[in-house]
Structures are given as structure tokens and as C-alpha cells.
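> The structure that follows is given in the form of C-alpha cells.
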């Protein structure tokens, strides 16, 4: 009987442990919702042109997005882990020329500004621009 009670307690603790993380992810996803305009970008150590920045838009619904820069449109889905330091984001492209590719990233959000940094191989540890890294700064356009 004592073993059954201990097992039940362990199971309840494990199940209960996931609830705050799930809630934290849901709350964080709400912050991503809406339309965003590109404020700046750096790809592989090169600053985006003014034209690229002006043409950049991002629309997020749930964990799915549509990214437009210039004449290119990419769609995909993402997962977040707001409990990590820095917060992490993993992106999988489902449509466009990047279809089938995945990138690992980090992000931070302050008010209506979101900054992210991605790499195709190893997850970046900071937001500094550089070779093999893609940094983006977005400003909320519409909630």
C-alpha cells in the first residue's frame, strides 16, 4: 500500500510539473500574435538594405507564421521555450524556398519590440551579428 501511495504522489508531482510550463508557453505565444514590421536585420554579418527592411513583414497566428521579405514569402511553424535563458525558438519552414529547413534561435521581447537570432546548425548564445547567424528586430504593427 505504501508503494502505491508513493507512486501516485510521484505521478501527481510529474504531471503537475508540466502545467506551469504549458501555461508559460501559451502566454508567450500570445505575445507573438499579430502583424509585425521589420525594423532591422543582419544576415551572415551583412546588414539588410533599406529596401529589404521596408518590405519585411511577419504575421503570426498561434504557432504559425507568414514571413515576407522582398518578393519572397515563407510560411512555417515554431516552438518556444520561455523558461530557458536566453529564451529559445525553433522554426520549421513549411512553404517557400526554405521549405523543409529548420533553424534554431533565441529571442527576447520588450513591449512591442521582438529581437531574435537564428542559426542553421548550433543555437546562438547571443544576439550579436556574425557569420552563420541571422538577427532580426521586429516592431509590432497590429495586435
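> Give me the residue from the range 70-86 that is in a loop (DSSP other than H, G, I, E, B) and in contact with a helix residue (DSSP H, G or I) (Cβ under 9 Å, 6 or more places away or on another chain) and, out of that set, farthest from residue 108 (Cα to Cα). It would help to see each step written out before you state the result.
Step one: list which residues in the range 70-86 are in a loop (DSSP other than H, G, I, E, B), which gives 70-71, 82-86.
Now narrow it down to the ones that are in contact with a helix residue (DSSP H, G or I) (Cβ under 9 Å, 6 or more places away or on another chain): 70-71, 82-83.
Details: 70: 25, 71: 27, 82: 9, 83: 12 Å.
So, considering only residues that are in a loop (DSSP other than H, G, I, E, B) and in contact with a helix residue (DSSP H, G or I) (Cβ under 9 Å, 6 or more places away or on another chain), the one farthest from residue 108 (Cα to Cα) is 71.
> If you check 67, 98, 104, which single one turns out to be crowded, with 17+ Cβ neighbours inside 10 Å and either at pLDDT below 95 or more than 15 Å from residue 32 (Cα to Cα) (or both)? Show your work before the answer.
Details: 67 fails: either at pLDDT below 95 or more than 15 Å from residue 32 (Cα to Cα) (or both); 104 fails: crowded, with 17+ Cβ neighbours inside 10 Å.
It is 98.
> Report, by residue number, each residue of the range 128-143 that is assigned to a loop (DSSP other than H, G, I, E, B), farther than 20 Å from residue 30 by Cβ and touching a strand residue (DSSP E or B) at 6+ places or on another chain (Cβ under 6 Å).
129, 132, 133 - these are the residues of the range 128-143 that are assigned to a loop (DSSP other than H, G, I, E, B), farther than 20 Å from residue 30 by Cβ and touching a strand residue (DSSP E or B) at 6+ places or on another chain (Cβ under 6 Å).
> Select, from 87, 75, the only residue that is in contact with a strand residue (DSSP E or B) (Cβ under 7 Å, 6 or more places away or on another chain), surrounded by 13 or more Cβ atoms within 10 Å (Cβ to Cβ) and within 20 Å of residue 141 (Cα to Cα). Don't jump to the end; show me each part of the working.
On the way: 87 fails: within 20 Å of residue 141 (Cα to Cα).
Unique residue meeting the criteria: 75.
> Of everything in the range 38-56, what is closer than 15 Å to residue 74 by Cα, under 19 Å from the mean Cα position of the chain (by Cα) and not in a loop (DSSP other than H, G, I, E, B)? Give them in sequence order. Show your work before the answer.
So the first thing to find is which residues in the range 38-56 are closer than 15 Å to residue 74 by Cα, and the list is 38, 52, 55-56.
Pick out the ones that are also under 19 Å from the mean Cα position of the chain (by Cα) and you get 38, 56.
Passing the criteria: only 38.
> Scanning for something modelled with pLDDT of 50 or more, in contact with a strand residue (DSSP E or B) (Cβ under 7 Å, 6 or more places away or on another chain) and either at negative phi or outside any helix (DSSP H, G or I) (or both), does the range 7-27 turn up at least one residue?
yes
> A further question follows. For residue 4, are the conditions met, namely being modelled with pLDDT of 95 or more and either outside any strand (DSSP E or B) or surrounded by 14 or more Cβ atoms within 10 Å (Cβ to Cβ) (or both)?
no
Residues are listed down the side, and each one gets a yes or a no for (1) out of contact with any helix residue (DSSP H, G or I) (no Cβ under 6 Å at 6 or more places or on another chain); (2) assigned to a loop (DSSP other than H, G, I, E, B); (3) farther than 15 Å from residue 115 by Cβ:
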residue: 58; (1), (2), (3): yes, no, no
residue: 65; (1), (2), (3): yes, no, yes
residue: 68; (1), (2), (3): yes, no, yes
residue: 88; (1), (2), (3): yes, no, no
residue: 92; (1), (2), (3): yes, no, yes
residue: 100; (1), (2), (3): yes, yes, yes
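> Within the range 107-123, can you find the residues that are over 10 Å from the mean Cα position of the chain (by Cα), surrounded by 13 or more Cβ atoms within 10 Å (Cβ to Cβ) and in a strand (DSSP E or B)? Outline the logic, then answer.
First, the residues of the range 107-123 that are over 10 Å from the mean Cα position of the chain (by Cα): 109-113, 119-123.
Keeping just the survivors that are surrounded by 13 or more Cβ atoms within 10 Å (Cβ to Cβ) gives 109, 112-113, 119, 123.
Matches in the range 107-123: 109, 113, 119.
> Taking the range 124-143 as the search range and keeping residues that are surrounded by 14 or more Cβ atoms within 10 Å (Cβ to Cβ) and more than 18 Å from residue 45 (Cβ to Cβ), which one is nearest to the chain's Cα centre (by Cα)?
Checked the range 124-143; the qualifying residue nearest to the chain's Cα centre (by Cα) is 138.
The values are calculated or read from the model by the stated rules, or taken from the named source; none is laboratory data. All values derive from a computational prediction rather than experimental measurement. A quick note on method: Cβ atoms are made from the backbone with ideal geometry, for glycine too, and the neighbour counts reach across all protein chains shown.
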